[in-house]
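Q: Sharing a structure here in structure tokens format.
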Ligand SMILES: [Zn+2]
């Protein structure tokens, strides 16, 4: 009967609250959410990776093995 489906219902994306970029505090963009740019995204990622490298798991393991031989 009534063709009401073309009225644009659900076509408009809901306005999302933009949060500030965790790297520099500028408003985030949709492409790099939750960061403001690809640069900030990779910056955060590299920092995260560096942080995980700081945990000396492998070193601890080899040391324990050394003590076992004694
Ligand atoms: Zn940023």
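Q: Cβ neighbours within 10 Å, averaged per peptide: list 33-40, 21-28 in order, most packed at the top. List each step's numbers first, then the result.
A: Numbers: 33-40: 16.4, 21-28: 14.5.
Going from most to least packed, we get 33-40, 21-28.
Q: Please report 47, 41 as a ranked list, fewest other C-beta atoms within 10 angstrom at the top and most at the bottom. Walk me through the numbers on the way to the answer.
A: On the way: 47 10, 41 19.
Starting with the residue having the fewest Cβ neighbours, the order is 47, 41.
Q: Please give the length that would be gained between residue 39 and residue 19 if that part of the chain were fully extended, namely 0.36 nm times their separation in residues minus their C-alpha to C-alpha distance (nm, one decimal). Kindly include the intermediate steps, with their values, before the conclusion.
A: Working: separation 20, 0.36 × 20 = 7.20 nm, distance 1.68 nm.
Net length gain for the segment: 5.5 nm.
The numbers here are math on the coordinates, done by the rules we state, and not lab data. If you're wondering where the values come from, they're calculated on a predicted model, not measured in any experiment. All Cβ positions, even for glycine, are placed from backbone atoms using ideal geometry, and neighbour counts span all protein chains on display.
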